[in-house]
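Structure record follows, encoded as structure tokens.
The values are calculated or read from the model by the stated rules, or taken from the named source; none is laboratory data. Just so it is clear, the structure is predicted and the values come from calculations on it, not from any experiment. So basically every Cβ, Gly included, is an ideal-geometry build from the backbone, and we count neighbours across all protein chains shown.
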2 protein chains.
Amino acid sequence: MTTIRPAMSSDIALMYSLVRALAEYEREPHSVKITEEQLLRDGFGPNPYYECLIAEEDGQAAGFALYFPIYSTWQGPSLHLEDLFVLPKFRGKGIGKALLNHVAAAASRRGCARLQWDVLDWNQPAIDFYNSIGAIMLPDWRRMRMTGDAIKALAAATEVSA
Amino acid sequence: MTTIRPAMSSDIALMYSLVRALAEYEREPHSVKITEEQLLRDGFGPNPYYECLIAEEDGQAAGFALYFPIYSTWQGPSLHLEDLFVLPKFRGKGIGKALLNHVAAAASRRGCARLQWDVLDWNQPAIDFYNSIGAIMLPDWRRMRMTGDAIKALAAATEVSA
């Protein structure tokens with residue numbers, strides 16, 4: 001039987017292992033710079049950055065969903081699903097769908113206008129599944145990202161312009 | 001002279017007009033469902049959903065940038081730039097760049113690992129500009145979105161599975 005429950009601070013080691021498992025699945029294990037301590041501080045402090053759901057199958061940890069509030073200046077408060085992952089050996093049991101059900105329930109309770117997440121454009125099985133549950137792809141939009149030194153260099157210009 | 005300053009609650013009418021001007025520029029004026037009251041409540045209450053910067057050119061409102069915190073389970077707290085807009089008659093003066101400088105400064109002060117935003121894939125001048133300031137495009141990722149009734153329908157399944 002599948003159970004979905006909110007993650008607690010005592011789940012941090014489990015959450016960290018699931019984050020790492022997802023990164024390994026995406027063949028990017030080296031990209032995980034976060035630590036258990038930071039995950040704990042950021043998710044379970046006074047102003048948490050994220051919320052997390054844990055899926056269990058007959059009492060065994062099987063997957064997780066991690067999301068946080070975002071904002072649309074056209075439609076108001078919305079929810080972004082950052083991670084959705086089911087361990088390979090627990091697939092085909094509807095656990096991913098059950099996690100999505102609960103994320104949608106969280107969005108619905110808060111009156112969110114939109115629930116969104118990102119998908120790799122070559123992951124057609126995932127895209128087909130997401131379409132089947134009522135999500136649409138926004139084909140024209142691309143993500144731009146800036147990190148580390150580029151942020152600092154851009155920020156440094158305010159010392160002149162401010 | 002260009003000045004960048006944080007928006008205050010007394011700027012709501014101005015912010016709303018800039019949100020509308022951006023939507024008209026994108027030829028989607030009908031997509032703006034938000035009201036001034038909601039923008040005020042969501043941005044200036046005890047747990048604000050967003051922060052906003054206003055650009056002024058010789059004392060006249062010229063543009064805005066609106067952003068909020070997000071979270072990366074690989075790198076930690078990050079910043080998402082939702083809207084960046086300069087009114088057409090104020091373009092070519094470096095106002096967009098000045099706004100971006102200040103958004104990067106906000107990201108830097110908070111120790112954000114990433115600063116991100118979205119761009120339309122046909123907007124090559126914007127992409128070239130963003131590349132020139134150190135941002136990179138993530139070509140493989142696509143946004144999935146679910147709204148209104150689809151969220152409710154997906155959420156309803158928790159009544160059975162929970």
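Look at residue B:88 and say whether it is exposed (fewer than 15 other Cβ atoms within 10 Å of the Cβ), more than 9 Å from chain A (Cβ to nearest Cβ), in contact with a Leu (Cβ under 7 Å, 6 or more places away or on another chain) and in contact (Cβ under 8 Å) with a residue 12 or more places away in the chain. Judged against the criteria, residue B:88 is not a match. One residue stands out among those in segment B:127-150 that are hydrophobic (A, V, I, L, M, F, W, C), touching a Gly at 6+ places or on another chain (Cβ under 9 Å) and part of a helix (DSSP H, G or I): the one that is modelled with the lowest pLDDT, which is B:129. Scanning segment A:56-70 for residues that are crowded, with 23+ Cβ neighbours inside 10 Å and either acidic (Asp, Glu) or farther than 15 Å from residue A:106 by Cα (or both) yields A:62, A:63. Of all residues in segment A:22-50, those satisfying the criterion of being surrounded by 17 or more Cβ atoms within 10 Å (Cβ to Cβ) and either under 21 Å from residue A:96 (Cα atoms) or touching a residue at least 60 places away in the same chain (Cβ under 8 Å) (or both) are A:22, A:23, A:50.
The residues of segment A:113-148 that are more than 7 Å from chain B (Cβ to nearest Cβ) and surrounded by 13 or more Cβ atoms within 10 Å (Cβ to Cβ), listed by number, are A:123, A:126, A:127, A:129, A:148. Restricting B:42, B:11 to residues that are more than 11 Å from chain A (Cβ to nearest Cβ) and either touching a helix residue (DSSP H, G or I) at 6+ places or on another chain (Cβ under 8 Å) or in a helix (DSSP H, G or I) (or both) narrows the list to B:11. Scanning segment A:151-162 for residues that are in a helix (DSSP H, G or I) and either surrounded by 15 or more Cβ atoms within 10 Å (Cβ to Cβ) or at the interface with another protein chain (Cβ under 7 Å from one of its Cβ atoms) (or both) yields a count of 7. Could you say which residue among A:84, A:100, A:115, A:79 is in contact with a Gly (Cβ under 8 Å, 6 or more places away or on another chain) and outside any loop (DSSP other than H, G, I, E, B)? Going through A:84, A:100, A:115, A:79 in turn, the sole match is A:84. Kindly list the number of the only condition in (1) more than 7 Å from chain A (Cβ to nearest Cβ); (2) out of contact with any helix residue (DSSP H, G or I) (no Cβ under 9 Å at 6 or more places or on another chain); (3) among the β-branched types (Val, Ile, Thr) that fails for residue B:103. Of (1) more than 7 Å from chain A (Cβ to nearest Cβ); (2) out of contact with any helix residue (DSSP H, G or I) (no Cβ under 9 Å at 6 or more places or on another chain); (3) among the β-branched types (Val, Ile, Thr), only one is false for residue B:103: (2).
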